[in-house]
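Novice: Starting off with a structure, shown below.
Quick note: the coordinates plus some simple rules give every number you see, no bench work behind them. Every value quoted in this text rests on a predicted model; they were computed, and no experiment measured them. Counting neighbours? That spans all protein chains shown, and the Cβs are built from the backbone with ideal geometry, glycine included.
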Ligand code: CAA
């Protein structure tokens, strides 16, 4: 049989293999092939049992997400799974890679499951705003009990094969087998079970769903609600699993279907699917040959062992890449290394890292004062003070020591990569790697291309980002790159809103209720108000504010008083030293009053709608300017940036996606109104005007990215 699914017989066992690279997603052709091949196996008189497996790197990793939103094409996955469960010959799923979503659901429809020990099994649908819609919410609780099922389905996180074995999700696991060995083992397993002539159906199991405490579901709801930020999907997952306990299997399946449809049709799901594909799209560099060879990264050097340098070094060693950290004094080195050690120890004490793994990671870190460590490094990342002259000095020194082919990277968050590159004799090897604080935790990595940066460096860094568990986007070399350039406008509106009559508390609460992880003032306090202060001072020295609004008087005054934020216990708020809980501070309100009085502002009541419109309008306006200048490859890269680096809710899709959803013409009108009220803080965007007229979409705009270094 041709197509993505094939049937063959090995001795007396039929083997069905799915070959739909890269992840064997369950497209219509695969569903249809699974159904046809099962029939072939059942009709094959020499086959006594049937194994189903995935070719290539994984068992089926789920439904084909690109088919979502399109009319369902027959056969639907549920029917195929029932065919495997009702098969007259025993069906066995041989698992490897990542059996996820619909893939795991197919395996749960089989009578038995066996797996390679490295397999990760999960139902990640919640991360796409949906729920397992092919019986997963009904069969998983029957196999592993509702508690673990709830945990897996509401978090979307997979479990390792060893846990699946312990909990009864798989019958056998085989240590580190090749795919061929997995099939050989599955054949032996199949022959053994033939002796019993049993066809255990997950849907008929009831022992693990009897006597479930009624409080279980309420407790899970209570536990996850604070983290939902307005999301509904996880609650619907819980309702579906509750159906497995409270209803018959048939009623539970119907309940699951109804809830699936609600989720599938929701904006939450549309936004999360956009986020999923945007993250993968960000990897694609326009015009670059897919086969461009990548540079090996087997050793890194980080210069500077402060907060950023330490966090960057941790990201590398977490991925098994050895790092030398260079500092100017033993005292700085010791201080930085102690912070890293304490960070890891805290993770160990929370049970999220074993002592053995912590030791392994610490052993990959070599603190040193000796710059010769650079000589054999594949990448050198400078993470020192944000000061051009210091950076230039360091890059000249790196240039003199680094081997040919090494990548010379700066962690600058705003400075001109081309100017830094000019301090070397190899400007084409220089690039920006802008990590976000805390760098060992935050997922975003802005890869900043200078005007001469070689394209293979960009590709290498995108691959490296994935390896060190970051999400990379490529940004042009403008002031603040993508993220901070937009954030500057966003924060400016936050400051103006407060100057005009809102409070930091109101602004933060409106943003957080909408879905932001933290409001703008809370973010400033977390990141350190001194960081923005330093940039404002540089901007002032460079005459950046000429003809532009300056809205940060309150922030400046807080910095003058040393109120740098959480790290000193006070900023826009004061913080409980033990719990770090934020509280309003009358001293801040007095400063706000003083600034308003000195500036002669007639304060007014500001509505929550205006706050959202101005915060988001500022982001969208600047994002559109960045796009039209070619500093981002596509609108969705900007969404990836905001979701992974700035706490924009993934289930809201990102600022650019929001603009398209609301309608760019409508957003443009609101921005024009704001501009009419204050013509200094809303720079014009030609692209916005064009899209307003044409009723176009930002996601359809293809920028000219041939000149990545127009600083603006
Ligand atoms: N459908 C369509 N395409 C998919 C896909 C899916 N389920 N999963 C991955 N892909 C595509 C990606 O878009 C990417 O395409 P490009 O190469 O064109 O960029 C390619 O496969 C490789 O993906 P990754 O770069 O993510 O590869 P990876 O090796 O890093 O990760 C993975 C592999 C763990 C499977 C990861 O891709 C993943 O998590 N995929 C989503 C899995 C998922 O959510 N499954 C549930 C689907 S919903 C469902 O099944 C509903 C149901 O109940 C029936």
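Novice: What does the convex hull of the Cα atoms come to per residue for the stretch 251-361, in Å³?
Specialist: That works out to 218 Å³ per residue.
Novice: Under Stokes-Einstein, with the Kirkwood radius over Cα pairs standing in for Rh, what whole-number D in µm²/s applies to the stretch 300-477 at 20 °C and 1.002 mPa s?
Specialist: Estimated diffusion coefficient is 133 µm²/s.
Novice: Given R₀ = 45 Å, FRET efficiency for residue 331-residue 665 by Cβ-Cβ distance, to 0.05?
Specialist: Calculated value: 0.15.
Novice: Could you list 570, 540 in order of exposure, starting from the residue whose Cβ has the fewest other Cβ atoms within 10 Å?
Specialist: 540, 570
Novice: Take residue 560 and residue 346, extend 7 Å from each Cα along the Cα→Cβ direction, and tell me the distance between the two endpoints in nm.
Specialist: Label at residue 560, label at residue 346, 3.3 nm between them.
Novice: At a 10 Å Cβ-Cβ cut-off, how would you order 191, 454, 581, fewest neighbours first?
Specialist: Fewest-to-most Cβ neighbours within 10 Å comes out as 581, 191, 454.
Novice: By how many nm would the segment from residue 250 to residue 46 lengthen if fully extended, with 0.36 nm per residue of separation less the alpha-carbon distance?
Specialist: Contour length minus the Cα-Cα distance gives 70.0 nm.
Novice: Still on this model: Contact order normalised by length for the chain, with contacts defined as Cα pairs under 8 Å and 6 or more residues apart; what percent is it?
Specialist: With pairs under 8 Å counted, the relative contact order is 9 percent.
Novice: I've got another one for you. Show me the ranking of peptides 330-341, 526-537 by mean Cβ neighbours inside 10 Å, starting with the highest.
Specialist: The peptides rank, most packed first, as 526-537, 330-341.
Novice: If you don't mind, another one. When the Cα centres of the stretch 657-700 and the stretch 1-80 are compared, how far apart do they sit, in Å?
Specialist: 47
Novice: Okay, which of the stretch 35-68 sit inside 18 Å, backbone N to the point 7 Å along the Cα-Cβ direction of residue 2?
Specialist: From the stretch 35-68, the list is 36-37.
Novice: Next up: Using Cα centres only, tell me the gap between the stretch 148-222 and the stretch 244-267 in whole Å.
Specialist: Each part reduced to its Cα centre gives a spacing of 21 Å.
Novice: Please work out the C-alpha center-to-center distance from the stretch 88-128 to the stretch 512-585 and express it in whole Å.
Specialist: 48
Novice: Would you work out the relative contact order for the stretch 382-429, in percent, from Cα pairs under 8 angstrom that are 6 or more residues apart?
Specialist: Worked out over the stretch 382-429, it gives 47 percent.
Novice: Counting other C-beta atoms within 10 Å, which of 218, 637 has the fewest, and how do the rest follow?
Specialist: Lowest count first: 218, 637.
Novice: Ok, one more. Could the peptides 100-109, 10-19 be put in order, highest first, of the mean number of other beta-carbon atoms found within 10 Å of their residues?
Specialist: 100-109, 10-19
Novice: Over the Cα atoms of the stretch 5-264, what Rg and Dmax result, in angstrom?
Specialist: That works out to 17.4, 57 Å for Rg and Dmax.
Novice: With an 8 Å Cα cut-off and a minimum separation of 6 or more residues, compute the relative contact order for the stretch 135-257 in percent.
Specialist: 43
Novice: Just grab the label-to-label distance for residue 568 and residue 210, each label 7 Å out from Cα along the Cβ direction, in nm (one decimal).
Specialist: 6.6
Novice: Where does each of 192-198, 258-264 land if you order them by average Cβ count within 10 Å, highest first?
Specialist: With the highest mean Cβ count within 10 Å placed first, the list reads 258-264, 192-198.
Novice: Would you kindly state how much longer the chain becomes between residue 175 and residue 229 on full extension, computed as 0.36 nm times their sequence separation minus their alpha carbon distance, in nm to one decimal?
Specialist: 15.4 nm
Novice: To the nearest 0.05, how large is the calculated FRET efficiency for residue 265 and residue 27 if R₀ is 22 Å and r is the Cβ-Cβ distance?
Specialist: That pair, residue 265 with residue 27, gives E of 0.55.
Novice: So if we plug the beta-carbon distance of residue 198 and residue 579 into 1/(1 + (r/R0)^6) with R0 = 56 Å, what FRET efficiency do we get, rounded to 0.05?
Specialist: 0.50
Novice: Shifting gears a bit: Once you sort the root eigenvalues of the Cα gyration tensor of the stretch 91-166 as a ≥ b ≥ c, which label holds: rounded (a/c under 1.5), prolate (a/b larger than b/c) or oblate (the other case)?
Specialist: Rounded, because the longest to shortest axis ratio a/c is under 1.5.
Novice: Counting each DSSP H run of 4 or more residues in the chain as -39500 (n - 2.57), what helix-only mean residue ellipticity at 222 nm follows after dividing by all residues, to the nearest 500 deg cm²/dmol?
Specialist: It lands at -15000 deg cm²/dmol.
Novice: Where both residues lie in the chain, what percent of DSSP beta bridges are antiparallel, nearest 5?
Specialist: 30
Novice: Compute the label zone of residue 191 within the stretch 13-56: residues whose backbone N is under 11 Å from the point 7 Å along Cα-to-Cβ.
Specialist: 13
Novice: Okay, next question. With a ≥ b ≥ c the root eigenvalues of the C-alpha gyration tensor of the stretch 6-123, is it rounded (a/c under 1.5), prolate (a/b larger than b/c) or oblate?
Specialist: Oblate.
Novice: D for the chain, whole µm²/s, Stokes-Einstein with Kirkwood Rh over alpha-carbon pairs at 4 °C and 1.567 mPa s: what number?
Specialist: Translational diffusion coefficient: 46 µm²/s.
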